[in-house]
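Have a look at the structure below, then the notes.
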Amino acid sequence: MSGRILIADDFLTNRIVLKVRLTASCYDVVQADTSGEVVEMARHCRPDLIILGADGNRSASALCEQLKADAVLTHIPLLVIAHDSANEPRLEILKAGADEVFGKPLDESTLLATVRSLIRRRGTYDDVLRRKDLAHEFGVAEAPQAFAGRAKVALIAPDAETGILWRMHLATEFRHELLIMTQSQALEDLSTQSRVPDAFIIGSTLAETSDGLRLVSELRSRRTTRHSVIVVQDCGETPSPNSMALDLGADTAMRGRFDAAELAVKLDRLLARKTEADALRENVRSGLELALQDPLTGLHNRRYAQSYLQRLEQESLEKRQPYAIMILDLDRFKSVNDRYGHLVGDEVLIEVSNRLRSNMRDSDLVARFGGEEFLIALPATDETAARIMGERLRRAIGDQPIRSHGIGQDLDVTLSIGVAVSTPEPGRHKSMQELLQAADRALYVAKSDGRNQVTFVQSAA
């Protein structure tokens, strides 16, 4: 399943129609017969997203406030489908805690893209919290400080006049620093600037139609702007670019005319979440460097990986999501050390680590498990996705020689990968230790069958 969604709507017809749409996209859909049941059901099933039907906007606001006030549920995204899409009710619901509000009739492609975006956002934040818990377990993290300064918000509009109008309207809604940038300025090496923008507001059309969407993709792929908030403002194209913008990584897409009041509400919430996540990442990173990092490669060490896997196993059972474990081993690495010396071997280990890390998702774990052996954990990953990732990593190492500066020579290096995938289904679940053993057996088979391959010795189900 792609994620669990809780639907709460007092009208059966609305629930049925929405469930059909979401189930067709392979979501695990849970229903509350009335909106009054949603809090209790959400606490029980821990969904990745809650969708509220609201034919009375005031009751939707009260329910949003109740969900956000619950410490267990506060980080679950809320999507509200309201009968009235007028500005004032929308703002009321957004201020009460909703992440997005849709009016009727629903645009199915944009709705599903929004669902994907919100669930992806929840997954990213879950990973931050998982690492925070680990840091607290090892006594190396402090609580992040609340954001006290002004955020830096870049406005990238279709033209200078529109950018000035955006800035003028937004300046009346919040206190953040607003600067107008061009598309080319946004694509410059922002690492040379004293401060990278915390958020980008991008017109879907810039010099040409869909230029804004290409810019979203570029910003999301770059290390310096990977975690920046990105908002796309629909500039009136037909068909609407909103669904594509969200799938490319935009945090939200503004539909219709430029609405500074609504944008300010969404942006304040997104910036607060970014600030918290950035602080947690930095605290965890700095705190774990000495205690839980391998000093040679900079990867997490075995101690950290074991604790991470325990939490991943528990999360998999709670959410009923699969996860994958890989054990990777460099082929004939002993011959590198014997022939060229351990300094060259260290060069190889460092480069392999860098290539593995650069090919992983932010939510994945890569750790040095010992010697020339690495462990990778992939949350919310089934066997098909694990196989694709395994081949990608195998090729990332084997397709390009590793340059040793110590001897001035290129070295051909390959690795073998053993994979095991967990299923959370009752009666078929395997423990984390059983998965590690299965992955280790798969690695042995990969070595025995000729090396430089990805092997699933058996289904871990």
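The values are calculated or read from the model by the stated rules, or taken from the named source; none is laboratory data. Everything quoted here is computed from the prediction, not taken from an experiment. Here Cβ is always computed from backbone atoms with ideal geometry, including for glycine, and neighbour counts include all displayed protein chains.
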- prompt: Which strands (runs of 3 or more DSSP E) sit wholly inside region 43-134 and have at least 2 residues that are aliphatic (A, V, I, L, M) and surrounded by 22 or more Cβ atoms within 10 Å (Cβ to Cβ)?
  reply: 49-54, 78-82
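So that you can scan it fast, the table gives a plain yes or no per residue for (1) modelled with pLDDT of 90 or more; (2) more than 21 Å from Asp70 (Cα to Cα):
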residue: Arg4; (1), (2): yes, no
residue: Tyr27; (1), (2): yes, yes
residue: Asp33; (1), (2): no, no
residue: Val38; (1), (2): yes, no
residue: Met41; (1), (2): yes, no
residue: Pro47; (1), (2): yes, no
residue: Ile51; (1), (2): yes, no
residue: Arg58; (1), (2): no, no
message: Give all pairs with beta carbons closer than 9 Å in which a residue from region 257-279 that is within 17 Å of Thr224 (Cβ to Cβ) meets a residue that is assigned to a helix (DSSP H, G or I); count only pairs at least 6 apart in sequence or on separate chains.
response: Ala277/Thr124; Ala277/Tyr125; Ala277/Val128
task: Look at Glu347 and say whether it is closer than 15 Å to Gln409 by Cβ and under 28 Å from the mean Cα position of the chain (by Cα).
output: no
Number of the condition not met by Ile202 [criteria: (1) surrounded by 24 or more Cβ atoms within 10 Å (Cβ to Cβ); (2) at pLDDT below 95]: (2)
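Check Ala420, Ala442 and return the single one that is crowded, with 21+ Cβ neighbours inside 10 Å and not in a helix (DSSP H, G or I).
Within the list Ala420, Ala442, the selection yields Ala420.
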query: What do you reckon, is Ser243 more than 23 Å from Thr275 (Cβ to Cβ), small (Gly, Ala, Ser) and in contact with a helix residue (DSSP H, G or I) (Cβ under 9 Å, 6 or more places away or on another chain)?
result: yes
statement: Checked region 172-184 for anything surrounded by 13 or more Cβ atoms within 10 Å (Cβ to Cβ) and either over 12 Å from Phe200 (Cβ atoms) or polar (S, T, N, Q) (or both); matches are Glu173, Phe174, His176, Glu177, Thr182, Gln183
- prompt: So which residues in region 94-136 are in contact with an Asp or Glu (Cβ under 7 Å, 6 or more places away or on another chain), in contact (Cβ under 8 Å) with a residue 40 or more places away in the chain and assigned by TED's automatic domain parsing to the domain that holds Arg15?
  reply: Leu94
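Matching residues to (1) assigned by TED's automatic domain parsing to the domain that holds Pro77; (2) among the hydroxyl-bearing types (Ser, Thr, Tyr); (3) outside any loop (DSSP other than H, G, I, E, B):
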residue: Val196; (1), (2), (3): no, no, no
residue: Ile201; (1), (2), (3): no, no, yes
residue: Leu219; (1), (2), (3): no, no, yes
residue: Thr225; (1), (2), (3): no, yes, no
residue: Leu271; (1), (2), (3): no, no, yes
residue: Thr275; (1), (2), (3): no, yes, yes
message: Pull out all pairs, ordered by first then second residue, where Cβ-Cβ is under 8 Å, the residues are six or more apart or on different chains, the first lies in region 293-310 and is within 15 Å of Met360 (Cα to Cα), and the second is surrounded by 17 or more Cβ atoms within 10 Å (Cβ to Cβ) and aromatic (Phe, Trp, Tyr).
response: Leu299/Phe374; His300/Tyr308
statement: Scanning region 338-380 for residues that are within 22 Å of His227 (Cα to Cα) and in a loop (DSSP other than H, G, I, E, B) gives Asn359, Met360, Arg361, Asp362, Ser363, Asp364, Ala380
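Are any of the residues in region 65-79 in contact (Cβ under 8 Å) with a residue 60 or more places away in the chain and not assigned by TED's automatic domain parsing to the domain that holds Ser228? Give the derivation first.
Within region 65-79, the first condition is being in contact (Cβ under 8 Å) with a residue 60 or more places away in the chain, and the residues that meet it are none.
Scanning region 65-79 turns up no residue that is in contact (Cβ under 8 Å) with a residue 60 or more places away in the chain and not assigned by TED's automatic domain parsing to the domain that holds Ser228.
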message: If I ask for residues that are more than 13 Å from Gly53 (Cα to Cα) and surrounded by fewer than 17 Cβ atoms within 10 Å (Cβ to Cβ), which ones from region 3-36 would you list?
response: Val20, Arg21, Thr23, Ala24, Ser25, Cys26
statement: Counting only residues in region 369-428 that are among the polar types (S, T, N, Q) and more than 25 Å from the chain's Cα centre (by Cα), the one nearest to Thr455 (Cα to Cα) is identified as Ser416
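Val366: farther than 21 Å from Val128 by Cβ, of a type outside the set (S, T, N, Q) and out of contact with any Pro (no Cβ under 6 Å at 6 or more places or on another chain), yes or no? Write out each step before concluding.
On the way: farther than 21 Å from Val128 by Cβ: no; of a type outside the set (S, T, N, Q): yes; out of contact with any Pro (no Cβ under 6 Å at 6 or more places or on another chain): yes.
When the stated conditions are applied, Val366 does not pass them.
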- prompt: Scanning region 395-417 for residues that are farther than 22 Å from Asp294 by Cα and either surrounded by 19 or more Cβ atoms within 10 Å (Cβ to Cβ) or among the small types (Gly, Ala, Ser) (or both), which turns out modelled with the highest pLDDT?
  reply: Gly398
- request: Taking Ala253 as meeting all but one of (1) in a loop (DSSP other than H, G, I, E, B); (2) touching a helix residue (DSSP H, G or I) at 6+ places or on another chain (Cβ under 8 Å); (3) among the small types (Gly, Ala, Ser), write down the number of the exception.
  value: (1)
query: Is there any pair with a first residue in region 424-452 that is modelled with pLDDT under 90 and a second that is surrounded by 15 or more Cβ atoms within 10 Å (Cβ to Cβ) and among the basic types (Lys, Arg) whose Cβ atoms are under 6 Å apart and which are 6 or more apart or on different chains, and what are they?
result: Pro424/Arg320
- request: Go through (1) crowded, with 16+ Cβ neighbours inside 10 Å; (2) more than 25 Å from the chain's Cα centre (by Cα) and name the single condition Val366 misses.
  value: (2)
- request: Go through (1) surrounded by fewer than 18 Cβ atoms within 10 Å (Cβ to Cβ); (2) in a helix (DSSP H, G or I); (3) in the same structural domain as Leu165 (by TED's automatic domain parsing); (4) more than 20 Å from the chain's Cα centre (by Cα) and name the single condition Gln306 misses.
  value: (3)
